[in-house]
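*Asks:* Let me begin by handing over the structure; questions about it come next.
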Amino acid sequence: MGYEVELVEVDATPAAVVRGHVDWDRLGDFLGPAFGEVVAVADKQGRRISGAPFARYRESADGQCDIEAGIPLSGRITAREQVEPTALQGGTVATTVHVGDYRGVCAAYGAAAHWISAHGYAVSGDPWECYLDGPRTAARHTEVFFPCCDRNER
């Protein structure tokens, strides 16, 4: 699949997440309940959902992944149980959309990273992905965001 990568400016956005340390093949089992916890805390604290659910991943030394599963909100929340406040980084991002099974989304990350390097930019933060469709949708759309800056401005 070919990916069209574009450079856009995004605003920093308050969000809430549940963090976990899970096997890569168990991510789906983690995401749904984590999103549910965030929604419950946001509702109790009077915050509205202001964007698509997202996840940020970091591979850990033990072959599992550290994950943040969250939702952008209308304002900052107070930490409660497993739900913690955070933000999605604002600024310049390279973005692309993956269509298809979640297992193939790594190719979108690769395309965005290649585009960043090939166009004179450098990664400037942790990437994240937003789920634009539900998990039962046949042709799922997952948007990948890679914070970046001009390589000469680092």
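*Asks:* For residue 122, all conditions in the list (1) in a strand (DSSP E or B); (2) among the small types (Gly, Ala, Ser); (3) in contact (Cβ under 8 Å) with a residue 40 or more places away in the chain; (4) under 15 Å from residue 5 (Cα atoms) hold save one; what is the number of the exception?
*Replies:* (3)
Yes/no matrix, rows are residues, columns are (1) closer than 15 Å to residue 144 by Cα; (2) open to solvent by less than 50 Å² (accessible area, probe 1.4 Å); (3) out of contact with any Pro (no Cβ under 8 Å at 6 or more places or on another chain); (4) of a type in the set (Phe, Trp, Tyr):
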{"residue": "16", "(1), (2), (3), (4)": "no, yes, no, no"}
{"residue": "27", "(1), (2), (3), (4)": "no, yes, yes, no"}
{"residue": "37", "(1), (2), (3), (4)": "no, no, yes, no"}
{"residue": "42", "(1), (2), (3), (4)": "no, yes, yes, no"}
{"residue": "56", "(1), (2), (3), (4)": "yes, yes, no, no"}
{"residue": "111", "(1), (2), (3), (4)": "yes, yes, yes, no"}
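*Asks:* May I pose another question? Tell me, please, whether a residue that is of a type in the set (Asp, Glu), in a helix (DSSP H, G or I) and open to solvent by 50 Å² or more (accessible area, probe 1.4 Å) can be found in the range 93-102.
*Replies:* Looking through the range 93-102, none of the residues is of a type in the set (Asp, Glu), in a helix (DSSP H, G or I) and open to solvent by 50 Å² or more (accessible area, probe 1.4 Å).
*Asks:* Restricted to the range 117-143, and to residues that are within 15 Å of residue 68 (Cβ to Cβ) and not charged (D, E, K, R), which residue is nearest to the chain's Cα centre (by Cα)?
*Replies:* The residue in question is 128.
*Asks:* Moving on to the next point. Quick check, is residue 111 hydrophobic (A, V, I, L, M, F, W, C), out of contact with any His (no Cβ under 8 Å at 6 or more places or on another chain) and modelled with pLDDT of 95 or more?
*Replies:* When the stated conditions are applied, residue 111 passes them.
*Asks:* Report the residue count in the range 58-68 for those that are open to solvent by less than 30 Å² (accessible area, probe 1.4 Å) and either in contact with a Pro (Cβ under 7 Å, 6 or more places away or on another chain) or charged (D, E, K, R) (or both).
*Replies:* Residues flagged as open to solvent by less than 30 Å² (accessible area, probe 1.4 Å) and either in contact with a Pro (Cβ under 7 Å, 6 or more places away or on another chain) or charged (D, E, K, R) (or both) within the range 58-68 amount to 1.
*Asks:* On to the next question. Only residues that are in a helix (DSSP H, G or I), of a type in the set (Gly, Ala, Ser) and out of contact with any helix residue (DSSP H, G or I) (no Cβ under 8 Å at 6 or more places or on another chain): list them for the range 1-48, please. Explain how you work it out, then say what you get.
*Replies:* Narrowing the range 1-48 to residues in a helix (DSSP H, G or I): 24-44.
Those still in the list that are of a type in the set (Gly, Ala, Ser) too: 28, 32, 34, 36, 40, 42.
The answer is 32, 34, 36, 40, 42.
*Asks:* Do we find a residue being more than 21 Å from residue 20 (Cβ to Cβ) and crowded, with 18+ Cβ neighbours inside 10 Å anywhere in the range 76-88?
*Replies:* no
*Asks:* Right, next: Take the residues of the range 53-75 that are in contact with a helix residue (DSSP H, G or I) (Cβ under 6 Å, 6 or more places away or on another chain) and among the aliphatic types (A, V, I, L, M): which is farthest from residue 140 (Cα to Cα)?
*Replies:* 73
*Asks:* Oh, and also: Anything in the range 114-146 that is open to solvent by 40 Å² or more (accessible area, probe 1.4 Å), in contact with a strand residue (DSSP E or B) (Cβ under 9 Å, 6 or more places away or on another chain) and not aromatic (Phe, Trp, Tyr)? List them, or say none.
*Replies:* 117, 119, 123, 124, 126, 132, 133, 139, 140, 141, 143, listed by residue number.
The values are calculated or read from the model by the stated rules, or taken from the named source; none is laboratory data. Only a predicted model underlies this, so the values are computations on that prediction, with no experimental measurement involved. All Cβ positions, glycine included, derive from the backbone under ideal geometry; neighbour counts span all protein chains shown. For accessibility, only protein heavy atoms count, side chains too; no ligands or nucleic acids. Shrake-Rupley method; radii C 1.70, N 1.55, O 1.52, S 1.80 Å.
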